[in-house]
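The block underneath contains the structure these notes are about, expressed in C-alpha cells.
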Amino acid sequence: MRRPFALGLAGTLILAAESRSALEQGTAFTNQGQLKNAASNVTTPTDVQFSLWTAATGGTQFG
C-alpha cells in the first residue's frame with residue numbers, strides 16, 4: 001500500500017520540478033536574422049512588436 005503512494009509522490013515531485021524550471025525562463029530571446037530599415041541594417045536599440053497568426057497570409061491573429 002505504501003508503494004503506490006511513494007510512486008505517486010515521486011511522480012508529483014518530478015512534475016513540480018519540471019514545471020518550476022519552465023516558469024523560471026525569461027522573456028529574452030536571440031534573433032539570428034537581420035533587422036533592416038530602408039535596406040540598411042539597424043544598429044541602434046530598437047523596440048519591436050511581434051504578433052502570431054494562423055497563416056502566412058489571410059490568417060487570423062491569435063497572439
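Values in this text are rule-based calculations from the coordinates and carry no lab data. Keep in mind it's a predicted model, so treat the numbers as computed, not measured.
Below, the figures for the structure above:
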item: ³J(HN,Hα), Karplus 6.51/-1.76/1.60, whole Hz, each residue of the range 42-55, x for Gly, Pro; result: 7, 10, 10, x, 9, 7, 10, 10, 10, 9, 10, 10, 6, 8
item: Potential lengthening between GLU24 and VAL48 on full extension [0.36 nm per residue; Cα-Cα distance subtracted]; result: 6.3 nm
